[in-house]
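Would you mind keeping the following structure in view while I ask a few things?
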Amino acid sequence: MITPTPADAAAILALLVLTAYALFGGADFGGGVWDLLASGPRAQGQRSAISRAMGPVWEANHVWLIFLLVLLFTAFPSAFAVVVIGLFLPLHLVLLGVILRGASFVFRAHGAQGGPRAPLQRTFGAAFGAASAVTPILLGAALAAISGGGIRVVGGAVSAPPLASWFTPFAVATGLLTLALSSYLAAAYLTIETQGSLQEDFRRRAIAAGIGLVVLAVLDLPLMARDAPRLFDHLLRPAAAPLLVGGFLLALWSLAAVYRQSYPVARALSALSGIALLWGWGFAQWPYVVYPDLAVSTAAAPRPALLQILYTLPVGALLLVPSLYLLFHVFKGRNPAEGRPPRPRPRPRPAR
């Protein structure tokens, strides 16, 4: 039996945190996409539903991104340095997108007294939607560059062309795949939080995004075989292939559940599909943090530092996990933007 090293445990933990950010933060990005694409006679109702769904939790979802960054630069400092240097431009554009979408979301909400069609509010709404669409594309492209050998370390220095490492066909396709996954997750989640005609609007959007997700996943494979052959080869191995196939089948099953209006089932299956696909990538990427120059063992911090990180994380989890559970439990009820209002509690009858 192979015992995981502290470096292995830190890498697995980083993948867990990345998964949480993809499922929760990714759905927030998808919500911004549907806000940008809101149309028809219920466009304002669609935007209101998205705002009500995101409002209480969108800042909390960035806890996972902060957690991931802190974990990477403490547990794998050399890999963190290589990534932020080699992908300086796309990662700073991601940072700009995260800031812009958050600021625009808040400023639009506080400018609502000018009316839903006030010019300033429309400007902030467009900025929120555009940043929500571009940011996951850049994140997916960066992930493809890390896996495809676009970032190289030569003589101790990072050697990465300005565009070639994250603007390959495989990187662009992976970015679009990330956008489609985020959009599908958001639409599947919103079918739970809406009713009536709004629910049907998001059902149609989920079907469109799900079809796009499946098509892009199929198109991404030959591009991966050309631009990232090592990753493609390891995806077909026993460790990753079942997860890849399972994620694809779960996505089809989730799409069928949306079509049949089995929304709770669709939401659960969409999340499981995202988990399977991301962990399939993780197993195919192993044992590299940044392929081909930095493996988990060589990029890890010294053992005492890793042990200190691993020993203190349970203490933080005892504070973080119950807090997030309470936040979602309190605020993530059914969205009252459309449909029947919550049924009032019956009043007690007076005693005769």
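All of the numbers you see were taken from the coordinates with simple rules; none came from a lab. It should be emphasised that the depicted structure is a prediction, and the values quoted were computed from it without experimental measurement. Neighbour counts are summed over all protein chains in view; Cβ atoms, including those assigned to glycine, are modelled from backbone coordinates with ideal geometry.
May I ask for the distance between the Cα centers of the range 252-276 and the range 211-242, given as a whole number of Å?
21 Å
Another question, then. State the answer as a single residue: which of Ala295, Pro4, Pro41 lies farthest towards the positive end of the charge dipole of the chain, with beta carbon charges of +1 for Lys and Arg and -1 for Asp and Glu, about the Cα centre.
Of the options given, the answer is Pro41.
Between 0 and 90 degrees, rounded to the nearest ten: what's the tilt of helix 77-86 against the longest Cα principal axis of the chain?
Roughly 80 degrees, rounded to the nearest 10.
Suppose a student asked you for the relative contact order of the chain, using Cα pairs under 8 Å spaced at least 6 residues apart; what percent would you report?
It rounds to 23 percent for the chain.
What does the charge count near Gly40 come to, summing +1 for each Lys or Arg and -1 for each Asp or Glu among other residues with Cβ under 12 Å from its Cβ?
+2
Got a sec to turn the phi values of the range 102-108 into Karplus ³J(HN,Hα) couplings, 6.51 cos²θ - 1.76 cosθ + 1.60 with θ = phi - 60°, whole Hz, x for Gly and Pro?
The phi angles translate into x, 5, 5, 4, 6, 5, 5 Hz.
Another question about this same structure. Just to check I understand the Karplus step: with θ = phi - 60° and J = 6.51 cos²θ - 1.76 cosθ + 1.60, what whole-Hz values come out for the range 296-312, glycine and proline as x?
4, 5, 7, 8, 6, 5, x, 4, x, 5, 5, 5, 5, 4, 5, 6, 8
Separate question: To the nearest 500 deg cm²/dmol, what mean residue ellipticity at 222 nm is calculated for the chain from DSSP H runs of n ≥ 4 alone, each contributing -39,500 (n - 2.57), summed and divided by the residues?
One gets -25500 deg cm²/dmol as the mean residue ellipticity at 222 nm.
Taking the Cα atoms only, what angle lies between the long axis of helix 63-75 and the longest principal axis of the chain, rounded to 10 degrees?
Once rounded, one gets 10 degrees.
Continuing with the same structure: Starting at the first residue of the range 172-185, write each ³J(HN,Hα) from the Karplus equation 6.51 cos²θ - 1.76 cosθ + 1.60 with θ = phi - 60°, in whole Hz, x for Gly and Pro.
Calculated HN-Hα couplings, in order: 5, 5, 5, x, 5, 5, 5, 4, 5, 5, 4, 5, 5, 4 Hz.
If each residue's Cβ is checked for other Cβ atoms within 10 Å, how do Ser104, Ser323, Ser273 rank with the fewest at the top?
Ordered by Cβ neighbours within 10 Å, fewest first: Ser323, Ser104, Ser273.
Given H placed on each backbone N at 1.01 Å, which residues far from Tyr288 in sequence or on other chains put an amide H within less than 5 Å of it?
Excluding prolines and chain starts, which carry no amide H, the hits are Val296.
About the Cα centre of the chain, how large is the charge dipole given +1 on each Lys and Arg Cβ and -1 on each Asp and Glu Cβ? Please answer in debye to the nearest 20.
1660 debye
Along Cα→Cβ, 7 Å out, is where each label goes; now give me the distance between the ones at Ala43 and Ala225 in nm to one decimal.
4.3 nm
How charged is the neighbourhood of Ala109? Take every other residue with its Cβ under 11 Å from the Cβ of Ala109, and add Lys/Arg as +1 and Asp/Glu as -1.
Neighbourhood net charge equals +3.
Place +1 on the Cβ of every Lys and Arg and -1 on the Cβ of every Asp and Glu in the chain, take the dipole about the Cα centre, and give the residue among Ala266, Met224, Leu310 whose Cα lies farthest towards its positive end.
Sorting the options by dipole projection puts first Ala266.
What are the extents of the Cα atoms of the chain along their three principal axes, in Å, largest first?
83, 47, 39
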